[in-house]
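The structure under discussion appears below in the form of structure tokens.
Just so it is clear, none of the values below were taken in a lab; they were calculated from the coordinates. Since the structure is predicted, the reported quantities are computational estimates derived from the model, not experimental observations. No Cβ is skipped: glycine too gets one built from the backbone with ideal geometry, and neighbour counts run over all protein chains shown.
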Amino acid sequence: MPRDFTRTTFFARHRVLVRALAEAMFTCDRGPDAARLEAFVDDIDSFVSHASRMLRLGLLLMLEVIRFAPFWLVWRPATFESLPCPDRIRVLERMESSRFVPVVLVFAAYKAILCLVYFEHRDELADVGYSAERTRWVRALPLVSSQAAE
Amino acid sequence: MLDGILAGRTVERPFVTRADVVVVGSGAGGAVVARELARAGRDVVVVEEGGYYAPEEYAAMTPSNTFRRLAREAALGAAVGLGETPLVAVMSGKCVGGSSVLTGGVCFRVPEEVHDEWVSRLGLVAMGARALEPHYRAIESAVHVETVPDALRSRGTDLFVEGADKLGIPMRPLRRNTHGCRGEGRCNFGCPRRAKMSVDVSMLPEAVANGARILSDALVERVEIAGGRAVGVRGRFRSESTGEPGVPFHVEADLVVVACGALHTPLLLRRSGLRSRHLGRHLTLHPSTRVFALFDERLDGWDGAFQSVYSDHFFRSDGITLISAFGPPSLLAAGFPGVAARHRDYVRRLPFTAAFGALIHDDGGGRVHRWLSREPLVTYRMSARDRVRLFRAMRILADMAFAAGAKEVILPVFGAPTMRTPADVASFFAAPPSARRAESVSFHPLGSARMSMRPEEGVVQPTGETWAARNLFVADGSVIPTSIGVNSQLPIMAIAHRIAQGIADRRATAPRTR
């Protein structure tokens, strides 16, 4: 398989923010798993880095919207990543239900990216009950009588 | 593994070659042209911006890995909605095999009424059902189009079919280009068993066997035009380390076929100096939508073909095609509402979730713009009629779900409450929200370099040759003159087949002695 192109998009401040987002979306109720979250942020960076320069720039600007969302969504003079996890969840809920569609789209874009990568981890697939086994196609096989088989 | 591929990312010195025909793009259009012309004895070079991965390698890819390696913009591209229009995510492939690697394999012919419109209103007799019949047949045979057996339906699809039946909506089995499918639910992420006959499996190997050469990781920046005639292409290979264009290449050719898809063909033609006010306009998207339905019964919807049945019951009256759909858990999780614990509760109910989709036979309103990036800026202004159709499709799908016994239905509308009864659905759609809040995706961008009978009405002639430059052809979804309302893979291949046969018959490109 050809090697993946190696380029990155996030600076340190973006990595902190993406990690804070992931904690709020997925792990507040489960306790921190620092190593996995770090690897997850790397993977998100790798994923978005396959997009074009302008799209990556757009994604970075969207992160800035999330960073300062507490100021105008919950009236807290704090950046998103500096809030405790329950407050971050409240900010994201406000973004999701916002009447201002661009705010909803910023939230939806990052939610989609994070979910796409997070829920393909084997632990999450196991938690969901996903199995790679396929059985329904077997019903399409022609029935062979025991006499014919002999 | 395909022989005959030069991986551009490994090339370190400027590369020059010569061919009878250079084909830009290796998707449903380009691969068919390459196969037909190579079979006819032409020396063909196919140039593809994306990389090459053997189908066996798809098995090791997670869905997000597939998107980053095989999809344009890592599948994050979108058409910006203008006015009362949703943001429409636009999916297209960027790999050897193009979007055909990422389709569900669904094969429709263009509906008769659309063919009739092309002939009667636009005068495109060569695009009529009768004229394309032999080309449809040739492609259907080459890519093994077959009916999806009932046994391959997922349990979730079975339930939607039951719901449709209760509402008097007839469902029919889909046709797909598959051979030996076991319903692994990977169609849209590259089939590792070669059961989906995407063009990297069905067309390009034969092209290569007949002498065609493929350059992968090769970004064409310009079609060279001299004296009003195309004479080759120039571009740069993508660097192995960064993916950015680096080492230059030049392919001289007697004839150039552009098949980069409806988003990039107009940009390349414009960069190459072609002037037509129709370039990039008339883009249609087939905006698609879907609902999730949660049942008490465990369904494991990933067991079975993602796409197996459809209904054209509402096609004539409402321009809506209903079509079964599902996806891997990570992709579905992104569509569930909520944050943290609420979201996770929904994700844990994935085994109890069914999905069904619909696409709109749209009026167009899309446009491809060149701007600060190599990728286009795509805008889309949805017509008032299509907005009604989009919400109508959602309502039909929700009614089908409740008729099948769903306990909850999740609509693809940002901020919409979960529907728990049919009355909730009726109440919600009695005063629908702004279309800007709808979630929508497009898998079939078409029409941005449309075919026409006169140069003032379009970009290419019925032969596929551009009106503006000789020996420069277009053979992809961008030539399709209107929305077709159904999946576009088979029509693109059939039209490309017709264009390729026309090229093969031209004396001017008679095979040279190699």
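Observations on the structure shown:
- Computed helical MRE - 222 nm, chain B, DSSP H runs ≥ 4 contributing -39500 (n - 2.57), nearest 500: -7500 deg cm²/dmol
- Distance from the Cα centroid of region A:106-120 to that of region B:454-487 is 38 Å (rounded to whole angstrom).
- Angle of helix A:12-22 to the longest C-alpha principal axis of chain A, folded into 0 to 90 degrees and rounded to 10: 60°.
- The GluC sites (Glu not before Pro) of region B:2-78 that DSSP puts in a loop, and whose beta carbon has at most 14 other beta carbons within 10 Å, are B:12.
- Ordering of A:95-105, B:396-406, B:76-86, B:472-482 by burial proxy (mean other Cβ atoms within 10 Å per residue, highest first): B:472-482, B:396-406, B:76-86, A:95-105
- Amide H partners (placed H, <5 Å) of residue B:291, local residues excluded: B:356
- Here the Kirkwood formula puts the hydrodynamic radius of region B:130-213 at 15.1 Å, using every distinct Cα pair.
- Straight-distance candidates among the lysines for linking to residue B:196, with alpha-carbon spacing under 21 Å and chain neighbours fewer than 8 residues away dropped: B:94.
- Chain B - Debye-derived log10 I(q)/I(0), Cα point model, q = 0.08, 0.13 Å⁻¹: -0.47, -1.23
- Peptide A:41-50 - average C-beta neighbours from other chains (10 Å radius): 4
- Cross-link partners for residue B:407 among the lysines, with Cα-Cα distance under 21 Å and sequence neighbours closer than 8 places in the same chain left out: B:166.
- Cα convex hull volume per residue for region B:353-403 (Å³): 102 Å³
- Based on Cα contacts under 8 Å between residues 6+ apart, chain B shows a relative contact order of 25 percent.
- Angle in degrees between helix A:34-48 and the longest Cα principal axis of chain A, rounded to the nearest 10: 90 degrees
- Rounded to 10°, Cα long-axis angle of helix A:101-118 versus longest principal axis of chain A: 50 degrees
- Put in line by how crowded their Cβ is, counting other Cβ atoms within 10 Å and starting with the fewest, B:442, B:141 read B:141, B:442.
- Cα centroid of region B:368-399 to Cα centroid of region A:124-140, whole Å: 34 Å
- P(r) of chain A over all Cα-Cα pairs, binned every 10 Å from zero, in whole percent: 9, 33, 28, 12, 7, 5, 4, 1
- Counting only DSSP H runs of at least 4 residues, each contributing -39500 (n - 2.57), and dividing by the residue count of chain A, the helix-based mean residue ellipticity at 222 nm comes to -18500 deg cm²/dmol.
- Computed over the protein assembly as shown, the ratio Rg/Rh where both radii use C-alpha atoms and Rh is Kirkwood: 0.96
- Counting only Cβ charges, +1 for Lys and Arg and -1 for Asp and Glu, the dipole size of region B:366-514 around its Cα centre is about 380 debye.
- Sparsely packed loop sites in region B:105-157 (the trypsin sites (Lys or Arg not before Pro) outside DSSP H, G, I, E and B with at most 14 other Cβ atoms within 10 Å) comprise B:121.
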